[in-house]
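Colleague: This is the structure I want to talk about, given as structure tokens.
The values are calculated or read from the model by the stated rules, or taken from the named source; none is laboratory data. Everything quoted here is computed from the prediction, not taken from an experiment. Quick reminder, even Gly has a Cβ in these numbers, built from the backbone with ideal geometry, and neighbours come from all protein chains shown. These area figures cover heavy atoms from the full protein model, side chains too; ligands, DNA and RNA do not enter into them. Shrake-Rupley method; radii C 1.70, N 1.55, O 1.52, S 1.80 Å.
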Amino acid sequence: MADRQGEGGIERHIENTVKVCKAVRNQAMDANVKIAIENHAGDMQAWELASLIESAGKEYVGATLDSGNAAWTIEDPMTNLEILGPYAVSSGMRDSAVWECDNGAMVEWTNMGDGNVDWPAYVDAFAKLCPGIPFILEIITGIGQRNFPYLERDFWTAFPKARANEFARFVAMAKQGAPYTMPEDRPAQGESKSELQQAQQKYDLETSIAYCRDVLGLGMK
């Protein structure tokens, strides 16, 4: 996320990435490899990554869709999907709780079904926009809440070209959300820190898989 700050902002990194991709274009094409660039945690908004892909060449560069990372760039994950879906090569999916606070919004990554992403609508759109692309879970929880103080003027130095209509959808998502608390049945103690972490990760994965299978109808039929 810090890459958005400083002289040149995120654009200088986008330009350098395009140069690197173009330098290996022939090798990628010869090997029948497509480079899948992720909208990483807080770096590029969807339109910025789409611009990078177009500049590098979409015949060998695509996107790794990440629904959780979209929320860290003040984007509704559905906005992110609509823009990047046509470029998708792979994915990393998790839910996010987004809610309003005094200076903007809070975001916390959650297990599937515990946040306020509209997953039934998202999955329907994913099937249409990303045929043949795997829906891969990348569950990350327990790292806490992140504040996005978009009501403060200085916040916007990192997003000088953010698009109002897309940001409005994120604000609408925050207005529909509520502060998130961890589920009471998530493991809270173990004999060691490592065992506790393993138990929590197992719980998170099993809970998310169950939601995807039982509620969203995903998986092998």
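Colleague: Identify, please: which residue in the stretch 117-137 is over 28 Å from Pro149 (Cβ atoms) and in a loop (DSSP other than H, G, I, E, B) and is, among those, least open to solvent (accessible area, probe 1.4 Å)? Before the answer, list the steps.
Modeller: As a first pass, look at the stretch 117-137 and keep what is over 28 Å from Pro149 (Cβ atoms): 120-121, 123-137.
Then drop every residue that is not in a loop (DSSP other than H, G, I, E, B), which leaves 130-136.
Details: Cys130: 5, Pro131: 95, Gly132: 82, Ile133: 38, Pro134: 62, Phe135: 53, Ile136: 70 Å².
Step by step, filter the stretch 117-137, then rank; the result is Cys130.
Colleague: For the stretch 15-33, what are the residues that are within 30 Å of Val107 (Cβ to Cβ) and surrounded by 15 or more Cβ atoms within 10 Å (Cβ to Cβ)?
Modeller: Thr17, Val18, Cys21
Colleague: Just to be sure I understand the filter: pairs with C-beta atoms under 7 Å, separated by 6 or more residues or on different chains, first member in the stretch 30-49 and under 25 Å from Gln145 (Cα atoms), second member assigned to a helix (DSSP H, G or I) and hydroxyl-bearing (Ser, Thr, Tyr). Which pairs pass?
Modeller: Once the first residue is under 25 Å from Gln145 (Cα atoms) and sits in the stretch 30-49, its partners that are assigned to a helix (DSSP H, G or I) and hydroxyl-bearing (Ser, Thr, Tyr) give Ala46/Thr79.
Colleague: Under 8 Å between Cβ atoms, at least 6 apart or on separate chains: pull out the pairs that start in the stretch 149-162 with a residue that is outside any loop (DSSP other than H, G, I, E, B) and end on any residue that is open to solvent by 30 Å² or more (accessible area, probe 1.4 Å) and of a type outside the set (Phe, Trp, Tyr).
Modeller: From the stretch 149-162, the pairs are Trp156/Ala162; Thr157/Gln5; Ala158/Met1; Ala158/Gln5.
Colleague: Follow-up question, since we're still on this one. Could you please find all residues in the stretch 50-63 being within 15 Å of Val89 (Cα to Cα), touching a residue at least 24 places away in the same chain (Cβ under 8 Å) and open to solvent by 20 Å² or more (accessible area, probe 1.4 Å)?
Modeller: Lys58, Glu59
Colleague: Identify all residues within the stretch 163-197 that are at pLDDT 95 or above, assigned to a helix (DSSP H, G or I) and of a type in the set (Gly, Ala, Ser); write none if there are none.
Modeller: Ala164, Ala168, Ala172, Ala174
Colleague: Filter the stretch 141-199 down to residues that are under 17 Å from Gly115 (Cβ atoms) and among the hydroxyl-bearing types (Ser, Thr, Tyr) and give me whichever is most open to solvent (accessible area, probe 1.4 Å).
Modeller: Thr181
Colleague: While we're looking at this one, here's another question. When Ala31 is evaluated against the numbered criteria (1) modelled with pLDDT under 95; (2) among the hydrophobic types (A, V, I, L, M, F, W, C); (3) over 30 Å from Asp124 (Cβ atoms), which criterion, by number, is the only one it fails?
Modeller: That leaves (1) as the condition not met.
Colleague: Could you list, in sequence order, all residues of the stretch 179-221 that are closer than 17 Å to Thr141 by Cβ and of a type in the set (A, V, I, L, M, F, W, C)?
Modeller: Met182, Ala188, Leu196, Ala199, Leu205, Ile209, Ala210, Cys212
Colleague: Which residues, taken from the stretch 70-116, are part of a helix (DSSP H, G or I) and either among the polar types (S, T, N, Q) or open to solvent by 10 Å² or more (accessible area, probe 1.4 Å) (or both)?
Modeller: Initially, the stretch 70-116 is screened for residues part of a helix (DSSP H, G or I), giving 70-71, 77-87.
Within the stretch 70-116, Met78, Thr79, Asn80, Glu82, Ile83, Pro86, Tyr87 meet the criteria.
Colleague: Go through (1) closer than 24 Å to Glu75 by Cα; (2) in a helix (DSSP H, G or I) and name the single condition Gln201 misses.
Modeller: (1)
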